[in-house]
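Each remark here refers to the structure printed beneath this line.
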Amino acid sequence: MRYAVLVTGPAGAGKSTFAKSFITHLAASKRTGHLVNLDPAADPSSFEYEPTIDIRDLVSLEDVMSELEYGPNGGIVYCFEYLLQNMDWLEEELGGYEDDYLIIDCPGQIELYTHHPFIPTLVQHLSRMDIRTCATYLIESQFMEDKYKFFSGVLSAMSAMVNLEIPWINIMSKMDLVTSNPEDPSGGARNGLRRKKDIARYLDPDPLLIATTRGDKSDKANPRFHALNQAIVQLIEDHPLVSFLPLDLTDTDSLEYVVSHIDYTMQYGEHEEPKEPHDLDEGDFQDLE
């Protein structure tokens, strides 16, 4: 059985850093992980691990922009259209990996997950290849600095979850920016220390954070958005699909916590038969006698 983890989310959320740390953690656990780059705009120098499979070997954003004179977003869309037309290339590239983790680093254009059929079609191909797949969606902790920006992230995560229809884990990355670090002389939390109670309202999104009362002069929100805010509150309360796991890559336990959830989500290793020990008389336990 093969396993694939889609690392998705907006630009700047820490997807590539998470993918790198994920592979490092698997290696430390004596498990095999391979990086698959699906970002045609990726900078080759940004990879600490050389991608085992790289979409740029098939098509790159730079070539598309120079030859077809597309802009960045249109070029990304073209690259994925080209990939879907050449799925035999990807299937051939994936053919040699068994019982391995494939960490698929995806682009930061969230419309690929929320509006276009490219990623869902890719997931269907992976399923037909008997690759068990789940997705992670990262947003960074700085979203907590602006509650409206945060809830736009919540809604984009919800839209992507509904669009892809696969096991899903949402991750709040860069938590070291808002939590204390006893090993840091300055105390850490470069973006301002937040109490656990405050953080909990974001990890399990509390829609009342953006609830407004019509005529409340103390609220800085534009009163014209009152009805929209109320509709968003109602939507999140009616469909509480989104919650986040905190991720602090400076803390090994935090990464292990996230990886264990991914393993559980994909039922990692459950297809394997238990290994029975050899008989005692075959000499395997002579050292114990």
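The values are calculated or read from the model by the stated rules, or taken from the named source; none is laboratory data. Just so it is clear, the model here is predicted, and its values are computed rather than measured. Heads up, the Cβs are rebuilt from the backbone with ideal geometry, glycines too, and the neighbour counts pull from every protein chain shown. Heavy atoms of the whole protein, side chains included, go into the accessibility calculation; ligands, DNA and RNA do not. Shrake-Rupley method; radii C 1.70, N 1.55, O 1.52, S 1.80 Å.
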For L208, what charge total do you get from the other residues with a beta carbon under 10 Å from its beta carbon, if Lys and Arg give +1 and Asp and Glu give -1? -1
Can you pull the accessible area of F244 for me, 1.4 Å probe, Å² to the nearest 10? 10 Å²
Given charges of +1 on the Cβ of Lys and Arg and -1 on the Cβ of Asp and Glu, with all other atoms neutral, how large is the dipole of the stretch 1-108 about its Cα centre, in debye to the nearest 20? 660 debye
Please list, ordered by chain and number, the residues whose modelled amide H lies under 5 Å from the amide H of I171; skip anything fewer than 5 residues away on the same chain. Y137, L138, I139, L245
Quick one: net charge of A42's neighbours, Cβ under 9 Å, K/R +1, D/E -1? -3
Summed side-chain charge close to S159 - residues other than S159 whose Cβ falls under 14 Å, Lys, Arg +1, Asp, Glu -1: -2
